[in-house]
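Below you'll find the structure, written out as structure tokens, and then a few comments.
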There are 2 protein chains.
Amino acid sequence: MVHAPDALQARLGFAFTRPELLEQALTHRSYSVANNERLEFLGDGVLNCVVGALLYERFPELREGQLSRLRANLVNQQPLYEIATELDVGRHLRLGEGELKSGGAGRPSILADAMESILGAAFLDAGFDAARAIVLHLFASRLAEIDPATHGKDAKTLLQEWLQSRKHGLPQYELLGTSGQAHAQTFRVACRIGALGLATEGAGASRKAAEQAAAQAAYQRLARP
Amino acid sequence: MVHAPDALQARLGFAFTRPELLEQALTHRSYSVANNERLEFLGDGVLNCVVGALLYERFPELREGQLSRLRANLVNQQPLYEIATELDVGRHLRLGEGELKSGGAGRPSILADAMESILGAAFLDAGFDAARAIVLHLFASRLAEIDPATHGKDAKTLLQEWLQSRKHGLPQYELLGTSGQAHAQTFRVACRIGALGLATEGAGASRKAAEQAAAQAAYQRLARP
């Protein structure tokens, strides 16, 4: 068996005692029957629990419904896909030939599932506190950025409100391209704000998700300098 | 503050270091703003994670989708309500006067929420492994009874198939009564199998849930003696 990639373990901030668990977490069902689908089930529960506990601690003033909304925003496919991209998980995935050729290593659903699987593998390898430490490490910037006052609103809305309050024109979204097969495409979108000479990009499993990611990048540059 | 009930702690198999957390878990929103809603949010995540991990370990041959179905059956309102009833949680609840008068202490949703809150409180008090031990203790019989071959089927279907395969007549379900106000009733139903002289009872938040509980009790008596 190929050994689990050291670079990835370094970026996770966690060294596996049983690197074969990380290998399995990186194995898509198109590659082997010993794939990451069960680990993804496990990791999904671990991620929900850890993020829930972190939000509970961090926001003692928020009610249950607000905590649920914040959690849903953090554990869905898009942030997991973005984190996987930051960690360069795609390079380490084991995919069947068809998936490999159709760009599976960059597909949001495959990458998000692999992130959950990695958490499941860490939980098996070293227990709940180890998985918690990884989540804390990977989600640190996203947790720090949470603004309970605005987090119910999506990034496109926040960006538009910010621009309108300053009498700037609306942003333009442009589809830059898609990759992957029809049923599982990845979209890349640009967000341009002409008056400010700003352009950002975002990617996602739908055009809408990619627009949100691009708007998020623009909003962060403008509103949180 | 009244001290957290020792009898309940004994039945949970867990002694709280900070009994005020258990008090809060038993406090309904109708009683105080310092209620159990945030603990319920926390406990829901803990319960999902623990049950997921227990199923993952116990059924190494099951796929992700089957594990998800088994988990959904274990962590929904009905089993939590039944466990809360076994533990006599209702007697320890702190409810506002209106809820108390309308039978809130026996209402499935309030009791199920309190069970999740208790798990959240235990997690805060002593960490993940302590919460895991409580879940293992409370769900022991339900985990032992899981039959992956049949668990997709509901109890009424299983009971009917068991009776038909032995040429017995169908069971009769009878509504014994309801309690609580219109929007939040608890139903009690009897399941009678005339040919076998067997009658069981079940309760739930709907007539259907109560019938399922009664059928489950009958099926256990017949098929798993």
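The values are calculated or read from the model by the stated rules, or taken from the named source; none is laboratory data. Note that the structure is predicted; figures quoted are calculated from it, not measured. Counting neighbours? That spans all protein chains shown, and the Cβs are built from the backbone with ideal geometry, glycine included. Remember, those area values only see protein heavy atoms, side chains included, never the ligands or the DNA or RNA. Shrake-Rupley method; radii C 1.70, N 1.55, O 1.52, S 1.80 Å.
Yes/no matrix, rows are residues, columns are (1) part of a helix (DSSP H, G or I); (2) more than 9 Å from every other protein chain (Cβ to nearest Cβ); (3) touching a residue at least 12 places away in the same chain (Cβ under 8 Å):
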residue	(1), (2), (3)
A:ASN48	yes, no, yes
A:LEU62	no, no, yes
A:ASN73	yes, yes, yes
A:GLU99	yes, yes, yes
A:ALA144	yes, yes, no
Scanning the range B:180-189 for residues that are open to solvent by less than 80 Å² (accessible area, probe 1.4 Å) and either over 24 Å from the mean Cα position of the chain (by Cα) or not β-branched (Val, Ile, Thr) (or both) gives B:GLY180, B:ALA184, B:GLN185, B:PHE187
Cβ pairs under 6 Å, 6+ apart or interchain, first in the range B:104-125 and among the acidic types (Asp, Glu), second open to solvent by 10 Å² or more (accessible area, probe 1.4 Å) and at pLDDT 95 or above, ordered by first then second residue, are B:ASP113/B:GLU40; B:GLU116/B:GLU40; B:GLU116/B:ASP44; B:ASP125/B:PHE16; B:ASP125/B:THR17; B:ASP125/B:ARG18; B:ASP125/B:LEU21
Evaluate the range A:15-31: report whether one residue or more is at the interface with chain B (Cβ under 10 Å from one of its Cβ atoms), more than 19 Å from A:ARG142 (Cα to Cα) and open to solvent by 30 Å² or more (accessible area, probe 1.4 Å).
yes
Exception for A:GLY177 within (1) open to solvent by 40 Å² or more (accessible area, probe 1.4 Å); (2) farther than 23 Å from A:ASP147 by Cα falls at (1)
State whether the residues of the range B:195-209 include one that is of a type outside the set (A, V, I, L, M), outside any strand (DSSP E or B), open to solvent by less than 70 Å² (accessible area, probe 1.4 Å) and touching a Lys or Arg at 6+ places or on another chain (Cβ under 6 Å).
no
Taking the range B:75-97 and keeping only residues that are touching a helix residue (DSSP H, G or I) at 6+ places or on another chain (Cβ under 6 Å) and not in a helix (DSSP H, G or I), one is left with B:LEU87, B:LEU93, B:LEU95
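Rundown of residues vs (1) closer than 30 Å to B:LEU222 by Cα; (2) open to solvent by 20 Å² or more (accessible area, probe 1.4 Å); (3) assigned by TED's automatic domain parsing to the domain that holds B:LEU62, yes/no style:
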residue: B:GLU116; (1), (2), (3): no, no, yes
residue: B:LEU124; (1), (2), (3): no, yes, yes
residue: B:GLY127; (1), (2), (3): no, yes, yes
residue: B:HIS137; (1), (2), (3): yes, yes, yes
residue: B:ALA140; (1), (2), (3): yes, yes, yes
residue: B:LEU159; (1), (2), (3): yes, no, no
